[in-house]
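A.B. asks: Sharing a structure, written as C-alpha coordinates. Questions coming.
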Amino acid sequence: MPGFTLSGDGKNVPELAAPPVGLATAVEYYNATFSHYFITANADEIAKLDAGIISGWQRTGLSFSVYTTAAPGTVAVCRFFSASFAPKSSHFYAPRGLGCEAVLGSPIWQFEGDVFYTALPDAAGVCPAGNVPVYRLYNNGQSGAQNHRFTISAAVQLDMIAEGYIPEGSGTEVGMCSPN
(Lines give C-alpha, C1' and ligand atoms only; values in the text may rest on other atoms or scores of the structure.)
Protein backbone atom coordinates (compact mmCIF):
# COMPACT_ATOMS: atom_id res chain seq x y z
CA MET A 1 0.00 0.00 0.00
CA PRO A 2 1.49 3.40 -0.93
CA GLY A 3 2.18 5.77 1.93
CA PHE A 4 4.85 6.73 4.39
CA THR A 5 5.77 6.20 8.02
CA LEU A 6 5.77 9.20 10.36
CA SER A 7 7.27 7.53 13.41
CA GLY A 8 9.05 4.41 14.48
CA ASP A 9 5.83 2.62 15.38
CA GLY A 10 5.61 1.20 11.86
CA LYS A 11 2.12 2.52 11.17
CA ASN A 12 1.59 3.41 7.55
CA VAL A 13 0.00 6.79 6.80
CA PRO A 14 -1.82 6.72 3.46
CA GLU A 15 -0.86 9.33 0.92
CA LEU A 16 -3.46 11.85 -0.11
CA ALA A 17 -4.07 12.47 -3.78
CA ALA A 18 -2.12 15.47 -4.99
CA PRO A 19 -4.24 18.48 -5.92
CA PRO A 20 -4.60 19.11 -9.65
CA VAL A 21 -1.69 21.05 -11.10
CA GLY A 22 -2.39 24.75 -11.36
CA LEU A 23 -5.05 25.14 -8.66
CA ALA A 24 -5.22 28.08 -6.28
CA THR A 25 -7.73 29.43 -3.80
CA ALA A 26 -9.60 32.69 -4.42
CA VAL A 27 -10.02 34.16 -0.94
CA GLU A 28 -12.88 36.54 -0.15
CA TYR A 29 -12.44 39.72 1.91
CA TYR A 30 -14.88 42.35 3.19
CA ASN A 31 -14.30 46.05 3.86
CA ALA A 32 -16.90 47.28 6.39
CA THR A 33 -16.08 50.96 5.71
CA PHE A 34 -16.82 50.57 1.99
CA SER A 35 -19.40 47.79 2.42
CA HIS A 36 -17.52 46.01 -0.39
CA TYR A 37 -16.41 42.48 -1.11
CA PHE A 38 -13.17 41.52 -2.87
CA ILE A 39 -11.65 38.22 -4.02
CA THR A 40 -8.09 37.43 -4.94
CA ALA A 41 -6.10 34.31 -5.75
CA ASN A 42 -2.84 36.29 -5.84
CA ALA A 43 -0.58 35.03 -3.02
CA ASP A 44 1.15 38.41 -2.63
CA GLU A 45 -2.17 40.25 -2.30
CA ILE A 46 -3.47 37.66 0.15
CA ALA A 47 -0.34 38.07 2.32
CA LYS A 48 -0.65 41.88 2.28
CA LEU A 49 -4.36 41.82 3.07
CA ASP A 50 -3.88 39.31 5.89
CA ALA A 51 -0.98 41.35 7.34
CA GLY A 52 -3.03 44.57 7.23
CA ILE A 53 -0.64 46.23 4.77
CA ILE A 54 -3.71 46.92 2.63
CA SER A 55 -5.90 48.17 5.45
CA GLY A 56 -9.61 47.78 6.06
CA TRP A 57 -10.07 44.30 4.65
CA GLN A 58 -10.95 41.18 6.66
CA ARG A 59 -11.38 37.60 5.48
CA THR A 60 -15.00 36.47 5.34
CA GLY A 61 -14.01 32.82 5.72
CA LEU A 62 -15.31 32.03 2.22
CA SER A 63 -13.25 30.99 -0.78
CA PHE A 64 -13.33 28.89 -3.92
CA SER A 65 -10.85 27.15 -6.20
CA VAL A 66 -9.56 28.54 -9.49
CA TYR A 67 -7.07 27.38 -12.07
CA THR A 68 -3.78 29.31 -12.21
CA THR A 69 -2.94 28.02 -15.66
CA ALA A 70 -4.99 27.42 -18.78
CA ALA A 71 -6.37 23.93 -19.11
CA PRO A 72 -8.66 22.32 -21.69
CA GLY A 73 -12.20 23.66 -21.24
CA THR A 74 -11.16 26.78 -19.34
CA VAL A 75 -11.05 30.48 -20.21
CA ALA A 76 -9.14 33.39 -18.72
CA VAL A 77 -10.85 35.60 -16.14
CA CYS A 78 -10.29 39.32 -16.61
CA ARG A 79 -9.78 41.57 -13.61
CA PHE A 80 -10.75 45.23 -13.73
CA PHE A 81 -10.26 48.13 -11.31
CA SER A 82 -12.11 51.41 -10.99
CA ALA A 83 -11.44 54.45 -8.84
CA SER A 84 -14.34 56.29 -10.51
CA PHE A 85 -16.33 56.05 -7.29
CA ALA A 86 -13.88 57.98 -5.09
CA PRO A 87 -13.17 57.77 -2.28
CA LYS A 88 -14.23 54.15 -2.82
CA SER A 89 -12.77 51.88 -5.46
CA SER A 90 -13.80 48.50 -6.77
CA HIS A 91 -12.58 45.42 -8.61
CA PHE A 92 -14.62 43.36 -11.04
CA TYR A 93 -13.97 39.90 -12.47
CA ALA A 94 -15.49 38.48 -15.65
CA PRO A 95 -14.52 35.45 -17.69
CA ARG A 96 -13.70 35.82 -21.35
CA GLY A 97 -16.88 34.89 -23.17
CA LEU A 98 -19.10 35.85 -20.21
CA GLY A 99 -18.69 39.57 -19.63
CA CYS A 100 -15.01 40.45 -20.01
CA GLU A 101 -15.25 41.73 -23.55
CA ALA A 102 -18.11 44.15 -22.76
CA VAL A 103 -16.11 45.75 -19.93
CA LEU A 104 -12.85 46.03 -21.90
CA GLY A 105 -14.18 49.09 -23.74
CA SER A 106 -15.56 50.84 -20.64
CA PRO A 107 -13.88 54.13 -19.66
CA ILE A 108 -14.82 53.46 -16.02
CA TRP A 109 -12.91 50.19 -15.69
CA GLN A 110 -9.14 49.68 -16.12
CA PHE A 111 -8.13 46.21 -17.33
CA GLU A 112 -5.58 44.74 -14.90
CA GLY A 113 -5.05 41.47 -16.74
CA ASP A 114 -6.11 37.84 -16.90
CA VAL A 115 -5.74 36.66 -13.31
CA PHE A 116 -6.91 33.04 -13.26
CA TYR A 117 -8.82 30.51 -15.36
CA THR A 118 -12.25 28.95 -15.05
CA ALA A 119 -14.73 26.76 -16.84
CA LEU A 120 -17.84 28.51 -18.14
CA PRO A 121 -21.39 27.50 -17.27
CA ASP A 122 -23.74 26.61 -20.10
CA ALA A 123 -26.69 28.86 -21.02
CA ALA A 124 -28.76 27.27 -18.22
CA GLY A 125 -26.05 28.06 -15.64
CA VAL A 126 -24.87 24.45 -15.32
CA CYS A 127 -21.15 23.95 -14.79
CA PRO A 128 -19.19 21.10 -16.38
CA ALA A 129 -18.68 17.92 -14.35
CA GLY A 130 -16.11 18.39 -11.60
CA ASN A 131 -17.03 22.07 -11.13
CA VAL A 132 -19.46 23.99 -8.91
CA PRO A 133 -21.22 27.27 -9.74
CA VAL A 134 -19.75 30.60 -8.67
CA TYR A 135 -22.64 33.02 -8.28
CA ARG A 136 -22.03 36.66 -9.28
CA LEU A 137 -23.98 39.33 -7.43
CA TYR A 138 -24.03 43.07 -8.13
CA ASN A 139 -24.73 45.60 -5.36
CA ASN A 140 -26.52 47.97 -7.77
CA GLY A 141 -24.39 50.85 -6.43
CA GLN A 142 -25.97 50.58 -2.96
CA SER A 143 -22.81 51.67 -1.15
CA GLY A 144 -22.23 54.63 -3.45
CA ALA A 145 -19.94 52.56 -5.63
CA GLN A 146 -20.32 49.50 -7.83
CA ASN A 147 -19.25 46.24 -6.25
CA HIS A 148 -19.68 42.54 -6.97
CA ARG A 149 -19.63 39.51 -4.74
CA PHE A 150 -18.65 36.05 -5.97
CA THR A 151 -19.64 32.98 -3.95
CA ILE A 152 -20.13 29.24 -4.34
CA SER A 153 -22.72 29.29 -1.55
CA ALA A 154 -26.34 29.22 -2.72
CA ALA A 155 -27.35 30.39 0.79
CA VAL A 156 -25.07 33.45 0.53
CA GLN A 157 -26.48 34.12 -2.94
CA LEU A 158 -30.03 34.16 -1.52
CA ASP A 159 -28.98 36.36 1.43
CA MET A 160 -27.39 38.89 -0.91
CA ILE A 161 -30.46 38.96 -3.15
CA ALA A 162 -32.56 39.62 -0.02
CA GLU A 163 -30.23 42.58 0.71
CA GLY A 164 -30.92 44.04 -2.73
CA TYR A 165 -28.04 42.61 -4.73
CA ILE A 166 -28.79 41.71 -8.35
CA PRO A 167 -27.76 38.23 -9.55
CA GLU A 168 -25.80 38.22 -12.84
CA GLY A 169 -24.53 35.50 -15.14
CA SER A 170 -25.86 32.51 -17.04
CA GLY A 171 -29.01 30.58 -16.21
CA THR A 172 -29.26 30.60 -12.43
CA GLU A 173 -26.94 33.65 -12.44
CA VAL A 174 -23.71 31.70 -12.51
CA GLY A 175 -20.76 33.96 -13.32
CA MET A 176 -18.13 31.21 -13.64
CA CYS A 177 -17.36 27.71 -12.37
CA SER A 178 -14.99 26.51 -9.65
CA PRO A 179 -13.16 23.19 -9.83
CA ASN A 180 -14.06 20.80 -7.00
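A.B. asks: What is the dipole size for the chain, taken about its Cα centre, with +1 at each Lys and Arg Cβ and -1 at each Asp and Glu Cβ, in debye to the nearest 20? Write out the running numbers ahead of the final one.
C.D. replies: Details: 8 positive and 14 negative charges, 32 e Å.
That gives a dipole near 160 debye.
A.B. asks: Rounded if a/c is under 1.5, else prolate if a/b is larger than b/c, else oblate: which is the stretch 46-135, with a ≥ b ≥ c the root eigenvalues of its Cα gyration tensor?
C.D. replies: Oblate.
A.B. asks: From the protein chains alone at 1.4 Å, what is the descending order of accessible area for 108, 46, largest first?
C.D. replies: Sorted descending by solvent-accessible area, the residues read 108, 46.
A.B. asks: Per residue, what accessible area does the stretch 50-180 have, given a 1.4 Å probe and all protein chains present, in Å²?
C.D. replies: The answer is 47 Å² per residue.
A.B. asks: Which residue, chosen from 140, 53, 120, occupies the Cα position most advanced towards the positive end of the dipole of the chain, where the dipole is computed from +1 (Lys, Arg) and -1 (Asp, Glu) charges on Cβ about the Cα centre?
C.D. replies: Most positive-ward Cα: 53.
A.B. asks: Counting Lys and Arg as +1 and Asp and Glu as -1, what is the net charge of the other residues whose Cβ lies under 14 Å from the Cβ of residue 135?
C.D. replies: -3
A.B. asks: Follow-up question, since we're still on this one. Is the stretch 74-180 rounded, prolate or oblate when judged by the Cα gyration tensor, a ≥ b ≥ c being the square roots of its eigenvalues, rounded requiring a/c under 1.5 and prolate requiring a/b larger than b/c? Kindly include the intermediate steps, with their values, before the conclusion.
C.D. replies: Numbers: a/c = 2.21, a/b = 1.25, b/c = 1.77.
Here the stretch 74-180 falls in the oblate category.
A.B. asks: Taking only DSSP H segments of four or more residues, each worth -39500 (n - 2.57), what value at 222 nm results for the chain once the sum is divided by all its residues, to the nearest 500 deg cm²/dmol?
C.D. replies: Numbers: 3 runs with 23 residues, N = 180.
It comes out at -3500 deg cm²/dmol, rounded to the nearest 500.
A.B. asks: Rounded, prolate or oblate for the chain? Axes are the square roots of the Cα gyration tensor eigenvalues, ordered a ≥ b ≥ c, and the cut-off for rounded is a/c under 1.5.
C.D. replies: Judged from the Cα gyration tensor, the chain comes out prolate (a/c at least 1.5, a/b above b/c).
A.B. asks: Under 8 Å for C-alpha pairs, at least 6 residues apart: give me the relative contact order for the chain, rounded to a whole percent. Spell out each step's value before the answer.
C.D. replies: Details: 369 pairs, mean separation 35.0, N = 180.
Reported as a whole number, the value is 19 percent.
The values are calculated or read from the model by the stated rules, or taken from the named source; none is laboratory data. None of the values given here were measured: they were computed from a predicted structure. Neighbour counts run over all protein chains shown; Cβ positions are idealised from the backbone, glycine included. For the accessible areas, the whole protein counts, side chains as well, though only heavy atoms, and no ligand, DNA or RNA atoms are used. Shrake-Rupley method; radii C 1.70, N 1.55, O 1.52, S 1.80 Å.
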